[in-house]
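Visitor: I have a structure I would like to understand better, so I am pasting it below and will then ask my questions one at a time.
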Amino acid sequence: SKDIKSLEESLRDFTSEEMLEGDNAYDAGSEHGKQRARKGIRFKRFPPVLYIQLKRFCFDPQQMDMNKLNGKMEFPRILDLEDFAKGSGKYMLHTVIVHSGGVSSGHYYAFVRVSGEDDQWIKFDDETVTFCCEEAAVEDNYGGEDLQPWNYFNLSPKELRQKEPNSYPRIHNAYMLSYVRIDMAKELLAPPILDGKEEKYRALMERCAREERLAEERRKARYELLMRAEVKVVLERDIMKMKGFWSNTDEINSEHTLRMSRDDRGEDICREVQKLLQVPDAHFTIFLLAIRRTRQVRFKHLPPNEILKNQMPQHGSPHSAQDSHLIVLVVLSQGYDPHTLKYVAGEHVDGSLPHDISLWTDELVLLIIKYFCPSKQVMVTLGCWYSHQQETLKTIFREPEFWFAERLKAVVMSGEVAPLSQPVADTEWECWEEYNRTPKDIQLRDISKTIKDEGLFCGDILVWQPISNRVLPARPPADGAPGNGGAADEDDD
């Protein structure tokens with residue numbers, strides 16, 4: 001109430017008695033009827049530590065909304081409760097909890113009396129802890145109003161006597177108080193003995209230790225999650241399942257997923273891949289799906305000493321997501337069957353040995369090879385072919401490897417494409433580079449020139465078709481930012 005200005009007044013009003021008489025008399029039943037009576041609240045006893053909440057918030061029926069009462073409410077440093085319950089004695093103010101703000105928003109902070117000091121207080125405001133005087137902890141939080149500065153030089157003495165100074169409500173005020181009984185204060189405020197011998201503190205100590213342990217476990221779990229790198233392993237046979245133009249890298253399926261640390265290196269992935277595939281580590285290497293500066297999405301070689309966290313995709317990368325992951329392509333030495341992962345080149349060339357592909361250098365170039373069948377109007381992926389950058393593109397048809405002929409033979413036998421009218425070696429071929437997402441960006445390449453002269457880099461995509469049946473398929477429209485040509489810089493973001 002606005003008429004109550006102190007805590008003692010409020011307690012007296014709270015315990016005041018109301019006389020029930022006349023029409024408002026107490027109904028004692030049919031036997032005694034209406035009786036004159038007194039109605040009120042009485043305290044029997046108070047606890048050693050007394051918490052008092054000041055009713056700063058109330059419902060305003062006129063506005064049909066909650067209101068905050070910023071009126072002045074004084075509270076004593078020493079509260080005598082003897083008049084409210086015999087034997088209660090006196091209590092000293094120990095804690096003042098303050099609310100600053102209005103109904104819909106605000107901030108809480110607290111003042112705590114320093115044990116053994118009468119006028120020394122500590123203010124706890126979130127992570128800021130400071131000493132303060134008693135006036136700042138008590139009088140400053142009564143509430144009420146503060147005067148506004150105003151210019152009185154341009155007013156006459158008569159006007160000054162008649163003018164009421166402007167004021168504004170003090171929105172920071174005490175919301176909750178705690179009092180400690182004086183004759184028990186020494187015992188109640190004594191620091192606990194945490195040597196494990198005191199039974200009454202043992203449960204509290206165990207709880208604190210348990211919470212500390214759980215907090216440490218959560219911290220470690222968050223750190224491990226942050227340092228985790230999910231690596232999706234793609235094999236050449238997964239690439240060979242893809243048809244048509246590649247407009248979405250999400251179409252690349254992976255057979256295995258590795259859980260790595262971001263501090264691991266490329267050689268750590270190779271070690272895990274060797275365990276999965278049971279292929280000698282000298283007969284395979286790995287390539288990372290990355291986005292180039294030209295916005296092309298291509299595979300690039302991942303060196304053994306490269307740290308994974310330096311290659312983690314950023315937002316907007318081709319395979320970025322809430323749970324960031326890497327996509328690596330495992331390429332075996334030429335001569336390995338991409339489906340069985342067995343070395344079969346010896347069936348064509350006696351005594352041939354697999355390349356030591358683990359010694360990959362910048363002189364080598366990996367190309368994704370596709371074949372377009374004019375008869376069926378389909379495009380299939382034959383696989384991954386690598387060669388020296390000084391070799392010509394038509395090297396792909398040379399003997400004794402028979403790489404192109406063998407891969408084409410497999411898709412012909414499966415019925416995916418129509419057979420050629422004559423052997424591969426006797427067929428005239430043309431080669432197109434796929435490096436963007438619209439049909440006009442497919443470029444014809446000169447197969448008599450070297451890979452380097454044609455401006456091809458590791459991970460570029462080539463489409464081969466018989467030259468006598470040149471029919472290029474219409475390419476579907478795609479969303480997203482197109483890249484530049486394959487002859488652009490191959491560096492990735």
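Visitor: Suppose R0 equals 51 Å. What FRET efficiency, 1/(1 + (r/R0)^6) with r the Cβ-Cβ distance, do Leu20 and Leu214 give to the nearest 0.05?
Guide: Taking R0 as 51 Å, the efficiency between Leu20 and Leu214 is 0.35.
Visitor: While we're here: Near the amide H of Gly71, under 5 Å away, which other amide H atoms are found, from residues 5 or more places off or on another chain, if H is placed in the peptide plane?
Guide: Answer set, sorted by chain and number: Gly144.
Visitor: Separate question: Could you work out the Rg to Rh ratio of region 210-273, with Rh taken as the Kirkwood radius (inverse of the mean 1/r over all Cα pairs)?
Guide: When Rh is taken as the Kirkwood radius, the ratio is 1.20.
Visitor: Next question. Too long at a 30 Å Cα-Cα cut-off: which of Lys220/Lys241; Lys243/Lys394; Lys342/Lys394; Lys409/Lys449; Lys309/Lys370? Can you show the working numbers first?
Guide: On the way: Lys220/Lys241 41 Å; Lys243/Lys394 23 Å; Lys342/Lys394 26 Å; Lys409/Lys449 26 Å; Lys309/Lys370 32 Å.
Violating the 30 Å limit, Cα to Cα: Lys220/Lys241; Lys309/Lys370.
Visitor: Using mean Cβ contacts within 10 Å as the protection proxy, how do 88-100, 10-22, 28-40, 442-454 order, highest first? All intermediate terms of the calculation are to be shown ahead of the outcome.
Guide: Values: 88-100: 19.1, 10-22: 12.5, 28-40: 10.2, 442-454: 16.0.
With the highest mean Cβ count within 10 Å placed first, the list reads 88-100, 442-454, 10-22, 28-40.
Visitor: If you don't mind, there's one more thing I want to ask. Give the residue from Gly102, Gly244, Cys458 lying farthest towards the positive end of the charge dipole for the chain; charges sit on Cβ (+1 for Lys and Arg, -1 for Asp and Glu) and the dipole is referred to the Cα centre.
Guide: Of the candidates, Gly102 comes out farthest on the positive side.
Visitor: Say each of Asp60 and Lys275 gets a label point 7 Å from the Cα, pointing the same way as Cα to Cβ; how far apart are those two points in nm?
Guide: 6.9 nm
Visitor: In nm, give the distance between the simple-model label positions of His256 and Leu188, each being 7 Å from the Cα along the Cα-to-Cβ direction.
Guide: Roughly 6.8 nm, to one decimal.
Visitor: Right, next: Looking at Ala28, Leu258, Ser448, which one has the Cα that reaches farthest to the positive end of the dipole of the chain (charges on Cβ: Lys, Arg +1; Asp, Glu -1)?
Guide: Ala28
Visitor: In addition: How much of the accessible area of the chain, in percent, comes from carbon and sulfur atoms when a 1.4 Å probe is used?
Guide: In the chain, the share of accessible area belonging to carbon and sulfur is 50 percent.
Visitor: Out of these labelled values of volume of the Cα convex hull per residue in Å³, (i) 138; (ii) 390; (iii) 170, which was calculated from the coordinates shown here?
Guide: After the calculation, the listed value that fits is (ii).
Visitor: May I ask you to compute the full-extension gain from Ile307 to Lys163, defined as 0.36 nm times their residue separation minus their alpha-carbon distance, rounded to one decimal in nm?
Guide: 44.2 nm
Visitor: Now for a separate question. Hand me the GluC sites (Glu not before Pro) from region 91-138 located in a DSSP loop with no more than 12 other Cβ atoms within 10 Å, in residue order please.
Guide: Qualifying residues, ordered by number: Glu117, Glu127.
Visitor: Can you list the lysines whose alpha carbon sits under 16 Å from that of Lys72, skipping same-chain ones fewer than 8 residues off?
Guide: Result set, ordered by chain and number: Lys2, Lys5, Lys55.
Visitor: Here is a further query. Given R₀ = 25 Å, what would the calculated FRET efficiency be for Asp126 paired with Arg228, taking r from the Cβ atoms and rounding to 0.05?
Guide: 0.20
Visitor: Compute the Rg/Rh shape ratio of region 94-164: radius of gyration over Kirkwood radius, all on alpha-carbon atoms.
Guide: Result for region 94-164 is an Rg/Rh of 1.20.
Visitor: Give me the number: length gained by fully extending Leu155 to Asp118, i.e. 0.36 nm times residue separation minus the C-alpha to C-alpha distance, one decimal in nm.
Guide: Fully extending the segment from Leu155 to Asp118 adds 8.8 nm.
Visitor: Rounding to the nearest 10 and keeping the result within 0 to 90°, find how far the Cα-based axis of helix 266-277 lies from the longest principal axis of the chain.
Guide: Relative to the chain, helix 266-277 is tipped by roughly 70 degrees.
Visitor: Subtract the Cα-Cα distance of Met413 and Asp263 from 0.36 nm times their separation in residues, and report this length gain in nm to one decimal.
Guide: Using 0.36 nm per residue and subtracting the Cα-Cα distance, I get 49.4 nm.
Visitor: Can you list the aspartates and glutamates whose alpha carbon sits under 16 Å from that of Lys452, skipping same-chain ones fewer than 8 residues off?
Guide: Asp362, Glu363, Glu391, Glu433, Asp460, Asp489, Glu490, Asp491
The values are calculated or read from the model by the stated rules, or taken from the named source; none is laboratory data. Treat the numbers as computed from the prediction; the structure is a model and nothing was measured. We place every Cβ from the backbone using ideal geometry, glycine too, and count neighbours over all the protein chains shown. Surface areas here come from the heavy atoms of the whole protein model, side chains and all, with no ligands, DNA or RNA. Shrake-Rupley method; radii C 1.70, N 1.55, O 1.52, S 1.80 Å.
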